[in-house]
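Trainee: I'd like to ask you about the structure that follows.
The values are calculated or read from the model by the stated rules, or taken from the named source; none is laboratory data. Note that the coordinates shown come from a computational prediction; the quantities given were computed from them, not determined experimentally. Cβ atoms come from the backbone with ideal geometry, glycine included; neighbour counts cover every protein chain shown. To get the accessible areas, we keep the full protein, side chains included, count just its heavy atoms, and leave off ligands, DNA and RNA. Shrake-Rupley method; radii C 1.70, N 1.55, O 1.52, S 1.80 Å.
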Amino acid sequence: MNQKSATATIQQFQLDGKVSLVSGASRGIGLAMAEGLAGAGSDLAIVGRKLDTLTPIAEQITAETGKTVLPIQADVGNLTEIDAVVAQTIETFGRIDVLVNNAGVNIRNPALEFTEEDWDFVTDINLKGAFFLAKACGNVMQEQKAGKVINTLSLTSAIGLPTSVAYTAAKGGLLQLTKLLAVEWAEHNIQVNGIAPGFIRTEMTAPAREDARNEWILNRTPAYRWGEPEDLAGLTIFFASNASDFVTGQMVFVDGGFMAGSDWRRRS
């Protein structure tokens, strides 16, 4: 490969001039994805439920990367707030090139003990809200004749894990939604893909690191460690960049080999 070809390849991954909208960006995976996108050159709109949490995050990312970061307070599980999120982003930046649909919640209970209220809370954010935010951004991207949608999926998009019935249903549905939107929106040059994290070290997974599940997870993961939120940044940049222009409708696991192996490292 000559120097010119190498430079062109590197430029494919750069996001200068792009605008990314990231939901659930106040901590954990969403925050790491937002930081990665800004580091690659994208301006940002970051969405979360608490503005006093988002504002210092936006200031820090700007200080580190020089990119413009707009904090937006919203609950994507409340459909009346989604149009305002998109409107604020367009008012500030004039476009939306990338949507990272990351907002998510989980309630753990056995299926027979799950209530309608808990079911609605989990699915409204993880699936319903994700679709309508994608739809609102998709309208913008269709007019632009280009766009990237990145859905945060899960191991439970492909397998069942106990006590996460609504979360599993929602993340399974989000995988099928990823495929459907990829097919429908391909003609508008919009690529839709999903990232499925394995067991990542976040606040949501803290209880599992403190009980018997920790040993099972480590033994089941060939890399023999928990993932870090930053492990998701590289794939996020790829899916957001021109390097993925012919990649759509895909789910990629970032799981240290969890889905490729078995309890091969079980210890007595």
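Trainee: Does the range 201-218 contain at least one residue that is under 20 Å from MET33 (Cα atoms) and touching a strand residue (DSSP E or B) at 6+ places or on another chain (Cβ under 9 Å)?
Mentor: Yes, the range 201-218 contains a residue that is under 20 Å from MET33 (Cα atoms) and touching a strand residue (DSSP E or B) at 6+ places or on another chain (Cβ under 9 Å).
Trainee: Another question about this same structure. Of everything in the range 179-197, what is under 15 Å from SER244 (Cα atoms), open to solvent by less than 10 Å² (accessible area, probe 1.4 Å) and not small (Gly, Ala, Ser)? Give them in sequence order.
Mentor: ILE190, VAL192, ASN193, ILE195
Trainee: In the range 157-173, how many residues are within 20 Å of GLY249 (Cβ to Cβ), surrounded by fewer than 23 Cβ atoms within 10 Å (Cβ to Cβ) and out of contact with any Gly (no Cβ under 7 Å at 6 or more places or on another chain)?
Mentor: 4
Trainee: Please note which helices (runs of 4 or more DSSP H) are completely contained in the range 165-268 and include at least 2 residues that are at pLDDT 95 or above and touching a helix residue (DSSP H, G or I) at 6+ places or on another chain (Cβ under 8 Å).
Mentor: 165-185, 233-240
Trainee: Kindly list the number of the only condition in (1) of a type in the set (Val, Ile, Thr); (2) assigned to a loop (DSSP other than H, G, I, E, B); (3) out of contact with any helix residue (DSSP H, G or I) (no Cβ under 7 Å at 6 or more places or on another chain) that fails for ILE125.
Mentor: Here ILE125 clears every test but (2).
Trainee: For VAL140, work out the one condition from (1) under 30 Å from GLY41 (Cα atoms); (2) open to solvent by 40 Å² or more (accessible area, probe 1.4 Å); (3) assigned to a helix (DSSP H, G or I); (4) out of contact with any Gly (no Cβ under 6 Å at 6 or more places or on another chain) it doesn't fulfil.
Mentor: For VAL140, the failing item is (2).
Trainee: Also, I was wondering about something else. Could you figure out which of (1) aliphatic (A, V, I, L, M); (2) open to solvent by 10 Å² or more (accessible area, probe 1.4 Å); (3) more than 22 Å from GLY17 (Cα to Cα) isn't true of ALA146?
Mentor: Exception for ALA146: condition (3).
Trainee: Just to be sure before I move on: is GLU210 touching a Lys or Arg at 6+ places or on another chain (Cβ under 7 Å) and surrounded by fewer than 14 Cβ atoms within 10 Å (Cβ to Cβ) in the structure I sent?
Mentor: When the stated conditions are applied, GLU210 does not pass them.
Trainee: Could you count how many residues in the range 87-122 are in contact with a helix residue (DSSP H, G or I) (Cβ under 9 Å, 6 or more places away or on another chain), under 23 Å from PHE238 (Cα atoms) and open to solvent by less than 60 Å² (accessible area, probe 1.4 Å)?
Mentor: 10
Trainee: Still on this structure: Determine whether the range 236-256 contains at least one residue that is charged (D, E, K, R), more than 16 Å from ALA103 (Cα to Cα) and over 16 Å from the mean Cα position of the chain (by Cα).
Mentor: For the range 236-256, residues charged (D, E, K, R), more than 16 Å from ALA103 (Cα to Cα) and over 16 Å from the mean Cα position of the chain (by Cα): present.
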